[in-house]
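J.: First, the structure itself, so that you have it in front of you.
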Amino acid sequence: MRTLEEINAKIKAGKVVVATAEEVVGIVKQRGVKEAARMVDVVTTGTFGPMCSSGIYFNIKQTTPKIKCGGGRVLIDGVPAYAGWAAADIMLGCSALPEDGPRNAVYPGLFKFGGAHIIEKLVRGEKVKLEIKTYGTDCYPRKEHVAEVGLADLNEAVMFNPRNAYQLYNVAVNFGKRSIYTYMGVLKGRLGNANYSTAGALSPLLNDPELRTVGIGTRVFFAGAHGHVVWPGTQHVADPVRLEGGLPATPSATLALMGDLKQMDPAYLRAASIVGYGTSLAVGFGLPIPVVDEQVMAQCAVSDEDITYPIVDYSENYPLGRTADLGRVSMAQLMSGHIEIDGKSVPTGGMASRARGRQIAGELKSRIEAGKFLLTRPAAPLPGATLAEALA
């Protein structure tokens, strides 16, 4: 129907037609897939929720005399960081916690500070305390260093997510007697609630379920900056069971993402403290989908009623608890506020922000329309995927 180069030419000329994944649902219902595909050049998506597999790495400006971080001990605002790469390269994960807490005095299971909060502080323009204790060498004789540093004081600062954009995830429930504290939030006993974490019809990889337009090298919206897909994410499943239309029925694709931390926006990067679990980082991610053929448009028209998720029991037997007999529920049912399980009405709660996902899809749409975001041809497909003919 159109090539990526033709779409980019229209972006540069200010003639591109862009629609968000939510808007496309209505366009296809009104005009049909064929006409919608002819009309729309790019579909934008967005999601914003906890991504525990998030972290940063950065390079510090050397001291005089020089210091070797590798092999030593590095703390950032009291949180241990990893420095085993080299003399001046440091990595900090969002789930890292201080060795002695701190925990909230009122709710002991609430970790109120960790790596995620340091990452957010840096992006907000604040400084953090860097402490290094190490051994001296002839080329790096200094043994201790303490400094207040911000992003401007670092040579490079990079956000790296080894795993992001889960294509399909569980609806979490608890058949046990007591409440349990998980990365999916507090799950009340005896089916007291059901939690989910997805943007539904806006979810990036659910709008390209067979990964026909996204691959290694794809440019994306990453926490306000322009990032790239750099590899399949950890836990990526190349051959999931699929439903009609290509949507996955079982755990499926994930993406590894990378971007410049110095260009990121705190509106799309927020620290999270999860009761009884630890810290995580809510990350905004948006994927532009080029409409290179009608199949792309048909799959982008997926609605909240079309998307279903498996219900999984997270009680004592997780992950081997009840799953197969609990069934599936649609995004529309989850967003209604209640679902039915074993004849019981169970209240639902979302870990991801649909409103912020909608904002991301809209922001990405605006950047493309303004000529500030060009699309990239994937350098290689993701495992298990075949790129659309126009992108191969």
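J.: Which ones in the stretch 53-83 are over 26 Å from V283 (Cα atoms) and not in a strand (DSSP E or B)?
T.: Within the stretch 53-83, K61, Q62, T63, T64, P65, K66, K68, C69, G70, G71, G72 qualify.
J.: For the stretch 320-377, which residues satisfy the criterion of being within 19 Å of T250 (Cα to Cα) and part of a strand (DSSP E or B)?
T.: Across the stretch 320-377, the qualifying residues are R328, V329, S330.
J.: From T254, T234, T250, grab the single residue that is surrounded by fewer than 17 Cβ atoms within 10 Å (Cβ to Cβ) and either under 16 Å from the mean Cα position of the chain (by Cα) or not assigned by TED's automatic domain parsing to the domain that holds S353 (or both).
T.: T234
J.: Return the pairs, sorted by first residue and then second, in which the second residue is small (G, A, S) and part of a loop (DSSP other than H, G, I, E, B), the first residue lies in the stretch 20-36 and is touching a residue at least 40 places away in the same chain (Cβ under 8 Å), the beta carbons are less than 7 Å apart, and the residues are 6+ apart or on different chains.
T.: Final answer for the pair search is V24/A301; V25/A301; V25/S303; V28/A301; V33/A301.
J.: Quick test for you: out of R142, R124, R163, pick the one residue that is surrounded by fewer than 20 Cβ atoms within 10 Å (Cβ to Cβ) and touching a helix residue (DSSP H, G or I) at 6+ places or on another chain (Cβ under 8 Å).
T.: Every option except R124 fails the conditions.
J.: On to the next question. Does N161 meet the test of being closer than 22 Å to Y82 by Cα and of a type in the set (S, T, N, Q)?
T.: Yes.
J.: Has the stretch 36-46 got any residue that is within 29 Å of A165 (Cβ to Cβ), among the β-branched types (V, I, T), in a loop (DSSP other than H, G, I, E, B) and in the same structural domain as A256 (by TED's automatic domain parsing)?
T.: The answer is yes, given that some residue of the stretch 36-46 is within 29 Å of A165 (Cβ to Cβ), among the β-branched types (V, I, T), in a loop (DSSP other than H, G, I, E, B) and in the same structural domain as A256 (by TED's automatic domain parsing).
J.: Just checking, which of E23, E99, E120 is of a type outside the set (F, W, Y) and either in the same structural domain as G233 (by TED's automatic domain parsing) or closer than 26 Å to L375 by Cα (or both)?
T.: Result: E23 is the single residue among E23, E99, E120 that is of a type outside the set (F, W, Y) and either in the same structural domain as G233 (by TED's automatic domain parsing) or closer than 26 Å to L375 by Cα (or both).
J.: Read through the list (1) buried (at least 22 other Cβ atoms within 10 Å of the Cβ); (2) assigned by TED's automatic domain parsing to the domain that holds K127; (3) in contact with an Asp or Glu (Cβ under 9 Å, 6 or more places away or on another chain); (4) within 27 Å of L281 (Cα to Cα), then give the number of the only condition that L92 fails.
T.: (3) is the only condition that L92 fails.
The values are calculated or read from the model by the stated rules, or taken from the named source; none is laboratory data. Computed from a predicted structure; not experimentally measured. Here the Cβ is made from the backbone with ideal geometry for all residues, glycine too, and neighbour counts use every protein chain on show.
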